[in-house]
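Asks: Below: one structure in structure tokens.
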Amino acid sequence: MNIRVSDIAAQTVSRIEVARVSISLGEGVDAFEAIRDLNFAVVPGEFVCIVGPSGCGKSTLLGALAGHLPLTQGQLTVDDQQVLGPSPDRGIVFQQHTLFPWKRVRDNIAFGPKMRGIGKAERRRAAQELLKLVGLEGFELFYPSQLSGGMQQRVEIARVLINQPRVLLMDEPFGALDAQTRSLMQEVLLDIWTKMPTTTVFVTHDIEEALFLADRIIVMSARPGRVIDDIRLPFARPRHGELVTETSSCG
Amino acid sequence: MAFQRLAERMPGLRWLTRAASILACIGFWQLASSLHVNLGIVTFRNVPPPTEVVQSAIVLLKSPKLLAHVSSSLWRVFAGYGAAVVIGIAFGFAIGRSRAASDLLLPPLELLRPIPAVAWIPLSILIFPSSELSMIFITFIGALFPIILNTVHGVANIDRRLVASAHSLGGTPAAILREIVLPGAAPSIVTGLAIGMGTSWFCLVTAEMISGQFGIGYYTWEAYTLQNYADIVVGMLVIGLLGMGSSWLLTTLGHYLMPWRHPAVAR
């Protein structure tokens, strides 16, 4: 198997269905309902941002979509297939520090192909392609600790995209970055997303970020999290940094 | 202050100071022992001066005895410590990863842990048919607990988000153990190995003094009973050198096995 960006772009994009989903977390007296009766669908290729106050269960929902958390009620499906556990089909990017510190950038990115049993030369070539896509050529032999926060997030994105996921899940991926790097990374993400449109669910508490990135914003209430608004954004693509300043000055 | 400012201008001065400090200690030792100084609570009456120690060291270096003593000590450490490394890491992984293994293995270990390894010497002489085996056992016990506990600590404290990421990237449980848990626990394991190496030598020397017929601990104790006082110090120095060598070996191994901990230059 030889992964090229053009091949990746030809992947299938998926539909996500969230049906009557409730999730309780904690055990015994500490148990609480994080999400109550959530209902919505994401159409193939859509970029959805989920916003809401901290503790509204938006990360919980993403964890459930990734297959890391069991549902208390309801059903999650991707292309009519029920989500029962983690899968490389549903790539997840966390806020920070989830690169493997003992693997060089190249081998972090090539982790997915390695798990699929693809040979060393082959997977390194694929990793090289992804490095080019996220603009990190020349850094293949670095360890994560030698990279800046923004560069680490680029590697995270590359590591997930190399698996050609049907769904991209992002849990405040730029939340730990400084403002300048964050807006740069938002443009980088949109650029990548244009090259390989993937159904994306992006969790953030930054409204401006959501306005800049999304086709659609789902607003969640405080705990237990429910959908309280569902907004479709009319802004044309490709989008650039000016959009953010325009909308914020309007508001 | 004046010294600090001077030292900044001449880095060689700091080395000079350090060398002078060691020389001063040796000088004091030479003076105190040759003058048979008695300070009340300590007396240098029977302490051999450094010059005699150097002569004895040269004699020992030339005799075949040194190799026999050192090699039998090294063999015991190799066997006892080696067994502790294998069993300690295996048990540590089992206890750190599985609740069942933890309930099964941990209670007896927790009961035995407060007993210092040296306290095992009499019983181990009774248990084992040869004094050789009992000394290896003491060395093993000394290293076992630090290795187990540090391995458990390292394995149990793996960042769960790293494991979750690996799952999401298609990692099977076996692959996650090999690719995530093992390297993630490695720094803690190596710390356990270093502590274990220290206690291992400590226990070995004690055991050799009590029941050995060869070995560097036995040599040191024999020197005392035969009143070859200079040889006592020679034995101490050899023990120190062996300890230093083995801890250097571990540090080097740690650097080699965990290059990400000290990424040299970017490329």
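Bear in mind that the values in this text are calculations on the coordinates, not laboratory data. Note that the structure is predicted; figures quoted are calculated from it, not measured. Cβ coordinates were reconstructed from backbone atoms using ideal geometry, including for glycine residues, and neighbour counts include every protein chain displayed.
Asks: Determine the distance separating the Cα centre of segment A:126-144 from the Cα centre of segment A:57-87; give it in Å without decimals.
Replies: Rounded to whole Å, the Cα centres lie 30 Å apart.
Asks: Expressed as an acute angle from 0 to 90° and rounded to the nearest 10, what is the orientation of the C-alpha long axis of helix A:149-161 relative to the principal long axis of chain A?
Replies: 90
Asks: Please state the charge dipole magnitude for the protein assembly as shown, taken about the Cα centre, from unit charges on C-beta atoms (+1 on K and R, -1 on D and E), reported in debye and rounded to the nearest 20.
Replies: On the way: 43 positive and 39 negative charges, 240 e Å.
For the protein assembly as shown, the charge dipole is close to 1160 debye.
Asks: A follow-up question, please. With only alpha-carbon atoms counted, please give the Rg and Dmax of segment A:66-151, in Å.
Replies: Here Rg and the maximum Cα pair distance are 15.6, 47 Å.
Asks: B:GLU8 to B:LEU74: FRET efficiency via 1/(1 + (r/R0)^6), r the Cβ-Cβ distance, R0 51 Å, to the nearest 0.05? Please report the intermediate quantities before stating the final value.
Replies: Working: r = 44 Å, r/R0 = 0.86.
Step by step, r from the Cβ atoms, then E = 0.70.
Asks: Now a separate question. Which of B:LEU67, B:LEU250, B:LEU126 moves the most in a Gaussian network model of chain B with Cα springs under 10 Å?
Replies: B:LEU126
Asks: Would you mind checking the tilt of helix B:182-211 against the longest principal axis of the Cα atoms of chain B, expressed as 0 to 90 degrees and rounded to 10?
Replies: 40
Asks: Here is a further query. Put +1 on the Cβ of every Lys and Arg and -1 on every Asp and Glu Cβ in segment A:24-130; which of A:ILE92, A:PHE40, A:GLY55 then has its Cα farthest towards the positive end of the dipole?
Replies: In segment A:24-130, that residue is A:ILE92.
Asks: Identify all lysines with a Cα-Cα distance to A:LYS103 below 24 Å; exclude those on the same chain that are fewer than 8 residues away in sequence.
Replies: Reachable lysines: A:LYS114, A:LYS120, A:LYS132.
Asks: Where is the GNM fluctuation largest for chain A (alpha-carbon springs, 10 angstrom cutoff): A:MET196, A:MET151, A:MET115?
Replies: Residue with maximal mean-square fluctuation among A:MET196, A:MET151, A:MET115: A:MET115.
Asks: List the residues, sorted by chain then number, that are 5 or more residues from A:ALA34 or on another chain and whose placed amide H is less than 5 Å from its amide H.
Replies: Long-range HN contacts for A:ALA34: A:ILE23, A:SER24, A:LEU25.
Asks: Take the alpha-carbon positions of chain B, form their convex hull, and give its projected area averaged over all directions (one quarter of the hull surface) in nm². Show your work: numbers first, answer last.
Replies: Details: hull surface 88.4 nm².
Average of the hull's projected areas for chain B equals 22.1 nm².
Asks: Counting only C-alpha contacts under 8 Å and six or more residues apart, can you give the relative contact order of chain A as a whole percent?
Replies: 28
Asks: Now a separate question. Take peptide B:205-213, look around each residue's Cβ out to 10 angstrom, count Cβ atoms belonging to other protein chains, and average those counts.
Replies: Numbers: counts 0, 0, 0, 0, 0, 0, 0, 0, 0.
So the per-residue partner count for this stretch is 0.
Asks: Counting pairs of alpha carbon atoms under 8 Å apart in space and at least six apart in sequence, what relative contact order in percent does chain B give? Mind showing how you got there, number by number?
Replies: Values: 285 pairs, mean separation 54.7, N = 267.
Relative contact order of chain B: 20 percent.
Asks: Follow-up. Please give the charge dipole size of chain B, origin at the Cα centre, charges +1 on K and R Cβ atoms and -1 on D and E Cβ atoms. Round to the nearest 20 debye. Don't skip to the end; give the middle numbers.
Replies: Numbers: 16 positive and 10 negative charges, 173 e Å.
Using Cβ point charges on Lys, Arg, Asp and Glu, chain B gives about 840 debye.
Asks: Turning to a different aspect of this structure: Short version: ³J(HN,Hα) in whole Hz for each residue of segment B:133-140, in order, from phi by Karplus 6.51 cos²θ - 1.76 cosθ + 1.60 (θ = phi - 60°), x for Gly and Pro, what are they?
Replies: 5, 5, 5, 4, 4, 4, 4, 4
Asks: Moving on to the next point. Taking H placed 1.01 Å from N in the peptide plane, check which residues at least 5 places from A:VAL93 or on another chain put their amide H under 5 Å from its amide H.
Replies: When sequence neighbours closer than 5 places are left aside, the close amide H contacts are A:LEU169, A:MET170, A:ASP171.
Asks: For the protein assembly as shown, what is the mean residue ellipticity at 222 nm derived from helices alone (per DSSP H run of n ≥ 4: -39500 (n - 2.57); sum divided by total residues; nearest 500 deg cm²/dmol)?
Replies: -18000 deg cm²/dmol
Asks: How many Cβ atoms of partner chains, on average, are near each residue of A:81-88 if near means within 10 Å of its Cβ?
Replies: Values: counts 0, 0, 0, 0, 2, 8, 4, 5.
For peptide A:81-88, the averaged partner shielding equals 2.
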